[in-house]
Amino acid sequence: QVAALASAGVAATCLTGCEHRYEAKPEAPEEPVELGPADEVPVGGARLYERARLLVSRPEEDTFLAWSAVCTHLGCLVSPPEGTVAECPCHNSRFDTADGGRPLAGPAYEPLLSVPVRVNDEGVLVAGEPS
């Protein structure tokens, strides 16, 4: 009976977080990806670009940093950040998007994968290597 209850708890947890799981390891975009206006990322905060599976933070007015939004633990997509902290809904790993994507709480112990990001002449964020 205890094993059945434990399995039910695992299943319930998976229903709330595992739908965001990706099998692939975090990767940088193969081609440059336009994310949207740079002004959409708040100064001192971060934003999740779910379709591109990327996180972008803006620690200062003219500084943008980007990471894969795929958790380094088991590959779930992190939730939209609160301030500069992004949390994985699967197992509650937390990452600091203002400090190199480093893990603040496990079970993840590897930082998020860094991705190059720039602002183009039109003020649009472009992630990935320039073309």
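Just so it is clear, none of the values below were taken in a lab; they were calculated from the coordinates. All of these numbers come straight from a predicted model, not from anything done at the bench. Every residue, glycine among them, receives a Cβ derived from its backbone with ideal geometry; neighbour counts consider all protein chains shown.
Considering only the other residues whose Cβ falls under 14 Å of the Cβ of L104, what net charge follows from Lys and Arg at +1 and Asp and Glu at -1? Walk me through the numbers before you get to the answer.
Values: positive: R94, R102; negative: E82, E87, D96, D99, E110.
Cβ neighbours under 14 Å give a net charge of -3.
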>> Please list 3J(HN,Hα) in residue order for region 39-49, calculated via the Karplus relation 6.51 cos²θ - 1.76 cosθ + 1.60 where θ = phi - 60°; whole Hz, with x for glycine and proline.
In response: 5, 6, 9, x, 4, x, x, 8, 9, 8, 10
>> Give me a comma-separated list of calculated 3J(HN,Hα) values for region 99-108, in order, Karplus coefficients 6.51, -1.76, 1.60 applied at θ = phi - 60°, integers in Hz, x for any Gly or Pro.
In response: 9, x, x, 6, x, 9, 8, x, x, 5
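How much length is gained on full extension from E27 to L104, taking 0.36 nm per residue of separation minus their Cα-Cα distance? Write down the numbers at each step before the final one.
Details: separation 77, 0.36 × 77 = 27.72 nm, distance 2.09 nm.
Here the segment from E27 to L104 would lengthen by 25.6 nm.
Find, among the trypsin sites (Lys or Arg not before Pro) in region 25-118, those assigned to loop by DSSP (not H, G, I, E, B) with at most 11 other beta-carbon atoms within 10 angstrom. Provide the component values of the computation, followed by the final result.
Values: sites: R47, R51, R53, R94, R118; in loops: R51, R53.
Passing sites in region 25-118 are R51.
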> By the scheme Lys and Arg +1, Asp and Glu -1, what is the net charge of all other residues having a beta-carbon under 13 Å from that of E122?
Replying inline: -2
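Report the calculated FRET efficiency for E122 and E82 (r = Cβ-Cβ distance, R0 = 35 Å), to the nearest 0.05. All intermediate terms of the calculation are to be shown ahead of the outcome.
Values: r = 29 Å, r/R0 = 0.83.
Efficiency, from the Cβ-Cβ distance: 0.75.
If you take the alpha carbon radius of gyration of region 41-124 and divide it by 2.2 N^0.38 Å, what ratio comes out, to two decimals? Each step should come with its number before you reach the end.
Values: Rg = 12.0 Å, N = 84, 2.2 N^0.38 = 11.8 Å.
Cα Rg divided by the expected 2.2 N^0.38 Å: 1.01.
How large is the dipole of region 41-124 about the Cα centre if only Lys and Arg carry +1 and Asp and Glu carry -1, each at its Cβ, rounded to the nearest 20 debye? Intermediate values should be presented prior to the final figure.
Working: 7 positive and 11 negative charges, 61 e Å.
Computed about the Cα centre, the dipole is about 300 debye.
Let me check I've understood the local charge: for T84, count other residues with C-beta under 10 angstrom from its C-beta, Lys and Arg +1, Asp and Glu -1. What total comes out? Display every interim value, and only then the final one.
Values: positive: R58; negative: E82, D96, D99.
It works out to a net charge of -2.
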